[in-house]
Amino acid sequence: YIRKKNPLFHAIFFALGMLLGFMSKEIVLLIIPVLLYLFLTDLFLKRDVKFWMYSIASGLVALVLYFLLIWLLTGSPFKRFEAIFGNSYLNMCSYDKQPLIFLLKRVFYEFFLMMIQQGMLTGIVFAIAYIAGKNIKKTMQFHDSVSFFAVSAFLLLLSSNFMSISFTAYVPMCLDVRHYLFIIPIAAIPASHVLFSFFEKKYYAVQICILLVFLTVVSYFFAGNSFRDLYVPLLILLVISLFLPARFKLSFLFTVIFIFILMVLPYRMAQYAENVKYQRQKDIVHDFFIANNRNCYVLTDDVQRRLGAYYGGFNPDCKCTFLMMNDCDIDTLDPNKKKYLLLNGYTRSLSKLEDSDLPYYAKNIDASNKLLFSDKDMNFYIWELTEFKQNKSSNILHTFNGFEKSERYWLQKSENIKNDIQHTGMSSSSFNEYSATFQYPMDSLNMDSASKVIISINTWCLSRAATTAKLVVSIELGEKAYIWQSIEVNKFIKAFGNWSNVKFEIPVNSNEIQKNSILKVYIWNTEKKELFVDDFDILIKRLQ
């Protein structure tokens with residue numbers, strides 16, 4: 001009634017609300033299918049037409065003013081989109097860059113499985129129960145407020161799964177539960193109505209039980225702790241409530257128990273977050289590096305690097321630069337800027353970096369370097385680096401195989417050379433079980449017994465699916481390997497079907513090397529699935 005009485009007023013506030021949502025986070029665009037459905041339904045029923053006309057006009061004016069303001073502030077009306085595209089990077093959510101099977105899995109079951117695992121389908125279950133328990137036609141036409149929110153929640157779920165977030169390709173939103181929290185308050189409104197009706201009058205019992213039994217069965221096989229902590233207790237509670245005689249008025253008690261069950265998963269998440277102590281980690285990094293505006297480099301893992309830039313407000317003039325320790329070349333850094341090593345166990349785990357994956361200077365910190373902060377409980381350390389053992393090294397062997405021609409000390413088959421796919425150059429190598437192998441007599445390195453060598457491998461691999469292949473460094477005497485180390489190729493893959501940089505670095509003491517030993521470096525394709533390798537680079541340094 002109010003909207004019909006003053007449609008312009010409500011249309012302006014609706015347009016402003018959409019603009020604020022867009023300014024906050026671009027995923028507000030996911031509600032466009034819902035709004036389009038509402039618009040077409042009202043248009044078909046000749047309902048609230050003026051409101052929609054005013055809303056469209058107000059929205060267009062708001063967008064024009066918004067882009068005009070961005071233009072005046074930055075010199076480009078589309079600066080925000082340019083910043084988004086400029087900061088995009090290849091990852092597992094780049095569905096348009098990967099084989100079709102990954103997109104199909106994401107669309108047909110991975111999204112729903114994630115929602116079940118996180119307990120985020122609970123409210124949707126009750127919304128669907130409401131839709132199924134009513135006249136479908138009237139419900140879909142929003143003949144009451146509960147229908148409006150129930151249908152909206154269901155359409156938002158579908159939009160979140162199927163809608164593209166890219167204008168140039170079909171790319172559904174990444175499977176990160178934080179992106180979908182906006183569905184919960186919408187679904188909570190019809191869910192509260194359905195629960196009240198269920199506990200008071202046993203309405204919607206069949207629909208609720210069928211849906212919950214389905215989620216419980218699925219969670220048993222795929223959802224881990226949510227089966228035990230959410231779906232089984234919830235199903236038991238509702239079944240008990242269903243079969244209690246009507247004379248037992250226990251609605252309040254069951255409501256309390258219901259809320260308690262829903263809080264178990266969030267409590268466990270909060271407990272985990274408390275153990276991680278993220279806020280303390282943030283305060284340490286911000287206070288030590290950002291607040292002091294130190295003129296320095298901070299060598300750390302990829303996740304901590306991104307967090308460091310975020311803490312600094314992505315300020316291009318910030319004197320403190322966060323770098324990935326595995327990718328930066330120390331020799332190219334400004335010698336006048338201080339260098340710090342930040343080792344954070346939590347962000348390293350998110351970056352999939354184990355101790356063995358760290359660069360040599362981070363695994364073997366020179367005694368002259370100063371430990372500025374340490375917290376064993378958080379596995380959090382800050383070192384001021386004044387000496388790098390790599391800087392005291394000298395190159396004694398370098399070999400590179402781009403698979404364009406035969407290379408000395410490389411054992412490779414000509415039939416494995418592929419000219420239709422390559423990282424650089426004209427060709428790459430595809431192999432069944434063992435890649436082209438670098439074989440080199442260790443005696444030729446002329447190492448003295450007191451020295452140490454670092455074997456660094458940098459290569460590129462392409463796999464169209466998850467792989468168990470390993471990059472292997474082996475030192476053998478005869479047919480026996482007495483030094484053998486490997487690293488999983490899969491952990492370096494950012495997106496399947498794309499070239500990924502694989503790096504491995506191991507130190508070897510000279511006194512461990514036996515006479516007449518052979519160094520072998522190769523990729524072991526254990527499952528014998530399709531795998532490509534290119535630009536195989538090996539560097540051996542002697543530490544002085």
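Per-residue SASA remark: VAL61, around 90 Å² accessible (1.4 Å probe; ligands, DNA and RNA not included). Counting heavy atoms of the protein chains alone, SER166 has an accessible area of about 40 Å² for a 1.4 Å probe.
For the range 1-160, the share of accessible area belonging to carbon and sulfur comes to 72 percent (1.4 Å probe, ligands and nucleic acids excluded). Assuming R0 = 25 Å, what is the FRET efficiency of LEU242 and TYR272, from their Cβ-Cβ distance, to the nearest 0.05? FRET efficiency, LEU242 to TYR272: 0.15.
Show that you can apply the helix-only estimate: for the chain, add -39,500 (n - 2.57) for every DSSP H stretch of four or more residues, divide by all residues, and state [θ] at 222 nm to the nearest 500. Calculated at 222 nm, the ellipticity per residue is -12500 deg cm²/dmol. Between TYR310 and SER374, the simple spin-label model (points 7 angstrom out along Cα→Cβ) gives 2.9 nm. When the surface is traced with a 1.4 Å probe over the full set of protein chains, HIS143 keeps roughly 120 Å² accessible.
Against the chain, whose longest principal axis comes from its Cα atoms, helix 205-222 is set at around 0 degrees.
Pull out the extension gain between LEU16 and ILE421, defined as 0.36 nm times the separation in residues minus the alpha carbon to alpha carbon distance; nm, one decimal. So the extension gain works out to 140.8 nm.
When all alpha carbon pairs of the range 76-164 are counted in 5 Å bins from zero, the resulting P(r) reads 3, 12, 16, 15, 13, 14, 11, 10, 6, 1, 0 %. Placing +1 on the Cβ of each Lys and Arg and -1 on the Cβ of each Asp and Glu in the chain, which of ILE493, SER451, THR122 has its Cα farthest towards the positive end of the resulting dipole? Of the listed residues, the answer is THR122. Within the range 154-168, whose backbone N sits under 14 Å from a point 7 Å along Cα→Cβ of LEU103? Hits in the range 154-168 for LEU103 at 14 Å: 162-168. Taking the alpha carbon gyration tensor of the range 159-287, multiplying each eigenvalue by 5 and rooting it gives semi-axes of 33, 22, 15 Å, largest first. Ranked from largest, the principal axis spans of the Cα set of the range 239-288 equal 64, 15, 9 Å. Two decimals is fine: what is log10 I(q)/I(0) at q = 0.07, 0.11, 0.12, 0.13 Å⁻¹ for the chain, from a Debye sum with one equal scatterer on every Cα and no solvent? Listed by q, the Debye log ratios stand at -0.60, -1.18, -1.28, -1.37. Placing +1 on the Cβ of every Lys and Arg and -1 on the Cβ of every Asp and Glu, with nothing else charged, gives the range 382-506 a dipole about its Cα centre of roughly 260 debye. By the equivalent-ellipsoid construction on the alpha carbon gyration tensor, the range 385-511 comes out with semi-axes of 28, 18, 15 Å, ordered largest to smallest.
The residues of the chain have, on average, 54 Å² of accessible surface per residue, using a 1.4 Å probe with all protein chains present. Each Lys and Arg contributes +1 and each Asp and Glu -1, all at the Cβ; summed about the Cα centre of the chain, the dipole is approximately 2080 debye.
Accessible area per residue (1.4 Å probe, heavy atoms of protein chains only) ranks LEU212, LEU250 as LEU250, LEU212, with the largest value leading. Accessible surface comparison of ASP317, ASP534, probe 1.4 Å, protein chains only, largest first: the order is ASP317, ASP534. Counting only protein chain heavy atoms and rolling a 1.4 Å probe, the accessible areas of PHE102, PHE9 rank, largest first, as PHE9, PHE102. Counting only residues at least eight positions apart within a chain, or on another chain, the lysines with an alpha carbon under 19 Å from that of LYS319 are LYS282, LYS337, LYS338, LYS339.
Rounded to the nearest 20 Debye, what is the dipole magnitude of the range 316-461 about its Cα centre when Lys and Arg each give +1 and Asp and Glu each give -1 at the C-beta?
Roughly 220 debye for the range 316-461.
Any chance you could run the full-extension gain for HIS179 through GLU488? It's 0.36 nm times the residue separation minus the Cα-Cα distance, nm to one decimal.
108.2 nm
Note on ILE27/LEU262: beta-carbon distance plugged into 1/(1 + (r/R0)^6) with R0 of 25 Å gives a FRET efficiency of 0.55.
Full-extension gain between GLN439 and LEU40, please, as 0.36 nm times their residue separation minus the C-alpha to C-alpha distance.
Result for the pair: 136.7 nm of gain on full extension.
Over the chain, Cα pairs under 8 Å with separation of 6+ residues give a relative contact order of 11 percent.
The values are calculated or read from the model by the stated rules, or taken from the named source; none is laboratory data. All values reported here derive from a predicted model rather than from experimental measurement. Virtual Cβ from ideal backbone geometry, glycine too; neighbours counted across all protein chains shown. To get the accessible areas, we keep the full protein, side chains included, count just its heavy atoms, and leave off ligands, DNA and RNA. Shrake-Rupley method; radii C 1.70, N 1.55, O 1.52, S 1.80 Å.
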